[in-house]
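*Asks:* Sending over a structure as structure tokens; questions will come in a sec.
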Amino acid sequence: MKEIDWSKLGFHYTEPDYIVRSAYHNGVWEEPYATKDKYLHLHVSATCLQYGQEAFEGLKAFRGVDGKIRIFRWRDNARRMAKSAEGLFMAPVPEELFGRAIRLALEKNMDFLPPYGTGAALYFRPLLIGTTPRLGVGPGRDFEFIVIPSPIGPYYPGKFHCTSFIVNRYVDRAAPYGTGKFKVGGNYASSFRATEAAHAMGMDCIFLDAKYHRYIDECSAANFIGIRRVAGDSQPFGTVEYLTPKSSAILPSITNDSLMALARERGYKVTRRRIRLEELADMSEAAACGTACVISPIDRVLDTERGVTYSFGSEPGPVLSELYHALRDIQFGRAEDKHNWCEIFEILKS
Ligand SMILES: Cc1ncc(COP(=O)(O)O)c(C=O)c1O
């Protein structure tokens, strides 16, 4: 085990011992291999550099309460990366090869897997890039798949807490029929102007749909969740409704999908539809969700242009807190994994 203060890591890159690489030429993927070399010998005209032909992913492995190592929903990341590849005219990484690369990256970096109880995890950043040299505009035919592991600290080193968001209307993250539903670098570069301005104010930013600037799309690099109590129902406090945006421009979050399943299990109504910004006024809780944080509860959303502030209380609300702990419990082996989301990692036999 490395001498690392796991609780102080944060969501930052810590150099692992090995990365895993696999190249694609003439229609064939090579078997993934581990290497200590973190640099690429890449042609200056590679399509990833010239035309942004690249996609990436993010997933985690956890050391559980029972000492077992769990990789969370890697097949869903593999499938989403295949969709991103299709969206950018790249060769998809075969699902089983993706899985072998993740397992190899884990096996070769076991010393970086944080101990149970620290709240930290080993994060994997799978990356797919176009490597064919090309100056004429067009896609490449050669690709490289790379898995970069890095231990990351607990998202909430102290207590589970809230973040404030500001509504952005001057930067469109992704167009309705654009690349927003794919996890590709261009979406992030194009949102930096808005996210950095929000960070400078100690907040994160909400992206509205690019066509009408009326509906909630994404919360920085995460999906949005709102909780609404539907009054007048048979239950004493009414029905709890879990609301999340339906949009062709947002990334289908694997965390959101997991939370929706957990919400349904608890008898909550789950609704995925277009959500107008003003509907925030009817919600009792709101949050961003994604692999990094699971759930990042929102205390307030500032719509400075319209002079409106939507407030949700300074502490995380009961429904989102319950869902957050339920998912963390599955990831750390403290609760039954009824959905088979976790793959128990076995050391590879070479
Ligand atoms: C734009 C965007 N939306 C949503 C998410 C959340 O997705 P996931 O839960 O699969 O991490 C991410 C993070 O991957 C993201 O970058």
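The values are calculated or read from the model by the stated rules, or taken from the named source; none is laboratory data. In this text, all values refer to a predicted model and were calculated from it rather than measured experimentally. All Cβ positions, even for glycine, are placed from backbone atoms using ideal geometry, and neighbour counts span all protein chains on display.
*Asks:* Could you tell me which residue of the range 149-181 is farthest from the ligand (Cβ to nearest atom), considering only residues that are polar (S, T, N, Q) and over 20 Å from residue 293 (Cα atoms)? Even if it seems obvious, please write down each step before you answer.
*Replies:* Within the range 149-181, the first condition is being polar (S, T, N, Q), and the residues that meet it are 150, 163-164, 168, 179.
Subsequent filtering for residues that are over 20 Å from residue 293 (Cα atoms) retains 168, 179.
On the way: 168: 14, 179: 11 Å.
Taking the candidates together, the pick is 168.
*Asks:* Please tell me if residue 79 is out of contact with any Pro (no Cβ under 8 Å at 6 or more places or on another chain) and more than 16 Å from the ligand (Cβ to nearest atom).
*Replies:* Details: out of contact with any Pro (no Cβ under 8 Å at 6 or more places or on another chain): yes; more than 16 Å from the ligand (Cβ to nearest atom): no.
No: the conditions fail for residue 79.
*Asks:* Only one of (1) in contact with a strand residue (DSSP E or B) (Cβ under 6 Å, 6 or more places away or on another chain); (2) within 15 Å of residue 337 (Cβ to Cβ) is not met by residue 65, so which one is it?
*Replies:* Looking at each condition in turn, residue 65 falls short on (1).
*Asks:* Given the condition buried (at least 23 other Cβ atoms within 10 Å of the Cβ), closer than 30 Å to residue 321 by Cα and in contact with a Gly (Cβ under 9 Å, 6 or more places away or on another chain), answer yes or no: does some residue in the range 124-131 qualify?
*Replies:* Yes, that holds for at least one residue.
*Asks:* Of the residues that make up the range 138-147, is at least one under 21 Å from the mean Cα position of the chain (by Cα), within 15 Å of the ligand (Cβ to nearest atom) and at pLDDT 95 or above?
*Replies:* Going through the range 138-147, the residues under 21 Å from the mean Cα position of the chain (by Cα) turn out to be 145-147.
Then keep just the ones that are within 15 Å of the ligand (Cβ to nearest atom); that gives none.
Checked the range 138-147: no residue is under 21 Å from the mean Cα position of the chain (by Cα), within 15 Å of the ligand (Cβ to nearest atom) and at pLDDT 95 or above.
*Asks:* Which of the residues that make up the range 166-193 are farther than 30 Å from residue 78 by Cβ and outside any loop (DSSP other than H, G, I, E, B)? Full working, then the answer.
*Replies:* Filtering the range 166-193 for residues farther than 30 Å from residue 78 by Cβ gives 166-171, 193.
Listed by number, the residues that qualify are 166, 167, 168, 193.
*Asks:* Counting only residues that are charged (D, E, K, R) and assigned to a strand (DSSP E or B), which one in the range 235-294 is surrounded by the fewest Cβ atoms within 10 Å (Cβ to Cβ)? Steps first, please.
*Replies:* Taking the range 235-294 first, the residues charged (D, E, K, R) are 241, 246, 257, 264-266, 269, 272-274, 276, 278-279, 282, 285.
If we keep only those that are assigned to a strand (DSSP E or B) too, we end up with 241, 269, 272-273, 276, 285.
Numbers: 241: 20, 269: 14, 272: 13, 273: 10, 276: 13, 285: 24.
The residue in question is 273.
*Asks:* Okay, next question. Could you please let me know if residue 117 is assigned by TED's automatic domain parsing to the domain that holds residue 26, part of a loop (DSSP other than H, G, I, E, B) and crowded, with 20+ Cβ neighbours inside 10 Å? Give the derivation first.
*Replies:* Values: assigned by TED's automatic domain parsing to the domain that holds residue 26: yes; part of a loop (DSSP other than H, G, I, E, B): yes; crowded, with 20+ Cβ neighbours inside 10 Å: no.
Criteria not met by residue 117.
*Asks:* Can you work out which of the residues in the range 11-44 that are in contact with a strand residue (DSSP E or B) (Cβ under 7 Å, 6 or more places away or on another chain) and small (Gly, Ala, Ser) is surrounded by the fewest Cβ atoms within 10 Å (Cβ to Cβ)?
*Replies:* The selected residue is 23.
*Asks:* Another question, then. Does the range 178-191 contain any residue that is surrounded by 23 or more Cβ atoms within 10 Å (Cβ to Cβ), among the aromatic types (Phe, Trp, Tyr), closer than 24 Å to residue 58 by Cβ and out of contact with any Asp or Glu (no Cβ under 9 Å at 6 or more places or on another chain)?
*Replies:* no
*Asks:* Write out, first by first residue and then by second, each pair whose Cβ atoms fall under 9 Å of each other, whose residues are 6+ apart or on separate chains, and whose first residue, in the range 211-230, is within 13 Å of residue 176 (Cα to Cα) while the second is more than 16 Å from the ligand (Cβ to nearest atom) and modelled with pLDDT under 95.
*Replies:* Filtered contacts from the range 211-230: 213/169.
*Asks:* Hey, does the range 228-238 have a residue that's more than 11 Å from the ligand (Cβ to nearest atom) and modelled with pLDDT of 95 or more?
*Replies:* Residues of the range 228-238 more than 11 Å from the ligand (Cβ to nearest atom): 228-238.
Next, only the ones that are modelled with pLDDT of 95 or more stay: 228.
Yes, the range 228-238 has at least one match.
*Asks:* Give the residues of the range 295-325 that are part of a helix (DSSP H, G or I) and not charged (D, E, K, R), sorted by residue number. Even if it seems obvious, please write down each step before you answer.
*Replies:* Initial filter on the range 295-325 (part of a helix (DSSP H, G or I)): 318-325.
Correct list: 318, 319, 320, 321, 323, 324, 325.
*Asks:* Still on this structure: Looking at the range 246-256, is at least one residue out of contact with any strand residue (DSSP E or B) (no Cβ under 6 Å at 6 or more places or on another chain), small (Gly, Ala, Ser), more than 24 Å from residue 212 (Cβ to Cβ) and within 16 Å of the ligand (Cβ to nearest atom)? Full working, then the answer.
*Replies:* To start, the set of residues in the range 246-256 that are out of contact with any strand residue (DSSP E or B) (no Cβ under 6 Å at 6 or more places or on another chain) comprises 248, 251-252, 254.
Next cut, small (Gly, Ala, Ser) only: 248.
Narrowing further to those that are more than 24 Å from residue 212 (Cβ to Cβ): none.
Scanning the range 246-256 turns up no residue that is out of contact with any strand residue (DSSP E or B) (no Cβ under 6 Å at 6 or more places or on another chain), small (Gly, Ala, Ser), more than 24 Å from residue 212 (Cβ to Cβ) and within 16 Å of the ligand (Cβ to nearest atom).
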